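I have placed the structure first, in the form of structure tokens, so that the comments after it can refer back to it.
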Amino acid sequence: MENQPAEFAQSTQRVALVVQYVGTHLHGWQWQPNARTVQGEIEAAVRSVLGYEVRLSGAGRTDTGVHAAAQVAHFVAPSFIPAHRWADVLNARLPEDILIRASAAVADTWHAQFSACWRRYRYTLYTGQRPNLFVRPFVWHYYHQYLDQGKIQVALDAMVGHHDMTAFHRARSGKSHSWVDLQVAECHRQDTFLTVELQAKGFLYGMVRLIMGLVVKVGSGELTPTQFGELWQQRQRQQVKYAAPAQGLCLLRVGYDDHPFAQEVWFDTQPHFFWGSAVA
């Protein structure tokens with residue numbers, strides 16, 4: 001185990017966390033030297049309690065500026081602190097843009113990344129003509145043209161299933177292939193807000209933002225759903241040139257066969273920006 005003192009070797013537990021963060025001033029999930037990251041901040045908080053380094057494993061690696069409503073992570077710690085108490089212990093030591101919603105003990109074989117069945121992301125666009133300070137940190141303010149929700153949904157429908165997503169495969173992706181099993185692709189509109197939710201077992205690095213950068217062209221009429229489909233089905237990576245801004249993207253939730261937390265902790269904890277009735 002990571003630099004753990006010998007006296008704790010026989011008395012450890014695996015602790016799972018549900019983590020929220022506002023990514024505006026964070027350089028993504030993964031630890032980096034000389035940069036604020038979610039993993040780095042939480043590991044520092046754990047270190048301040050235990051006095052030694054502990055490695056935190058997350059369900060997914062979000063980019064700089066991307067938010068999370070219910071990221072999941074785990075670490076191994078001595079059992080003298082009950083697992084359910086770690087949320088309070090860490091929250092007292094974390095900065096205001098990172099929050100542990102809950103903590104719980106899990107089996108030694110459980111892994112935040114490898115036990116996950118799927119990840120779900122939500123991208124939010126604000127299409128009002130006038131800017132709005134209260135939503136600006138969490139949306140892409142897209143007011144140039146009207147976005148047709150129906151056309152976007154038609155384009156997304158064709159992506160559901162097991163497909164080669166080379167068109168959305170960035171060079172920095174750690175995956176050796178471009179095949180993705182997209183389980184859900186939904187577009188909703190309420191007033192001036194439009195959201196797209198994508199769910200898959202795993203995503204390519206930067207994939208969701210590349211899709212959104214292109215899908216707005218479908219909504220605005222610049223591309224037809226058929227042209228959009230031909231582009232990615234023919235693996236035309238050179239035609240996908242623009243990634244949507246990071247602040248509109250949120251890791252909404254992570255699914256497990258036997259989720260260690262109650263649904264109220266993780267299911268839909270990013271508030272909708274829809275004033276009035278929320279989308280079901």
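The values are calculated or read from the model by the stated rules, or taken from the named source; none is laboratory data. Just so you know, these numbers come straight off a predicted model, no measurement behind them. Positions of Cβ are backbone-derived with ideal geometry, glycine not excepted, and every protein chain shown enters the neighbour counts. Please note that ligands, DNA and RNA were not included when accessible areas were found on the heavy atoms of the full protein model with its side chains. Shrake-Rupley method; radii C 1.70, N 1.55, O 1.52, S 1.80 Å.
Rounded to the nearest 0.05, the FRET efficiency derived from the C-beta distance between GLN227 and LEU99 at R0 = 30 Å is 0.10. Using a 1.4 angstrom probe on heavy atoms only, work out the carbon and sulfur share of the accessible area of the chain in %. Of the solvent-accessible surface of the chain, carbon and sulfur hold 49 percent. Dipole orientation for segment 12-106: of the candidates LEU94, ALA45, HIS84, HIS84 has the Cα lying most toward the positive pole (charges on Cβ; Lys, Arg +1; Asp, Glu -1). Under the shape rule built on the C-alpha gyration tensor, where the axes satisfy a ≥ b ≥ c, segment 22-71 is prolate, since a/c reaches at least 1.5 and a/b is greater than b/c.
Average accessible surface for the chain: 47 Å² per residue, computed with a 1.4 Å probe over protein heavy atoms with every protein chain in place. The modelled label-to-label distance between ASP191 and GLN234, using points 7 Å beyond Cα along the C-beta direction, is 4.2 nm.
Within the straight-line cut-off of under 20 Å between alpha carbons, the aspartates and glutamates reachable from LYS201 are ASP63, ASP157, ASP164, ASP181, GLU186, ASP257, ASP258, ASP268, sequence neighbours fewer than 8 places apart in one chain being disregarded. For segment 167-280, the residue among PHE228, LEU182, GLY255 whose Cα projects farthest onto the positive side of the dipole built from Cβ charges is PHE228.
In this rough spin-label picture, where each label sits 7 Å from Cα along the Cβ direction, the TYR205-VAL160 distance is 3.1 nm.
May I ask you to order 94-107, 187-200, 204-217, 123-136 by the average number of other C-beta atoms within 10 Å around their residues, highest value first? The partial results should precede the final answer.
On the way: 94-107: 17.4, 187-200: 20.6, 204-217: 22.6, 123-136: 14.6.
So the peptides 94-107, 187-200, 204-217, 123-136, ranked by packing, come out 204-217, 187-200, 94-107, 123-136.
Here is how the number arises for the chain: DSSP H runs of 4 or more residues each give -39500 (n - 2.57), the sum is divided by the residue count, and the result at 222 nm is -5500 deg cm²/dmol. Counting 0.36 nm for each residue step from ASN91 to GLN263 and taking away their Cα separation leaves a gain of 59.9 nm. Projecting the Cα positions of PHE267, TYR242, GLY23 onto the charge dipole of the chain (unit charges on Cβ atoms of Lys, Arg, Asp and Glu, taken about the Cα centre) puts TYR242 furthest along the positive direction. Cross-link reach is defined here as a Cα-Cα straight distance under 16 Å, omitting same-chain residues fewer than 8 places apart; for LYS151 the lysines meeting it are LYS217. For the chain, find the longest principal axis of its Cα atoms and tell me its angle to the long axis of helix 207-220, 0 to 90°, nearest 10. In the chain, helix 207-220 runs at an angle near 30 degrees to the longest axis. Specify whether the C-alpha gyration tensor of the chain places it in the rounded, prolate or oblate class, a ≥ b ≥ c being the square roots of the eigenvalues: rounded for a/c under 1.5, otherwise prolate if a/b is larger than b/c and oblate if not. Prolate shape, in that a/c is at least 1.5 and a/b is the bigger ratio.
Charge dipole of the chain (Cα centre as origin; +1 on each Lys and Arg Cβ, -1 on each Asp and Glu Cβ, all else neutral): 680 debye, rounded to the nearest 20. Is the C-alpha gyration tensor of segment 133-269 telling us rounded, prolate or oblate? Criteria: a/c under 1.5 is rounded; beyond that, a/b larger than b/c is prolate, otherwise oblate. Oblate.
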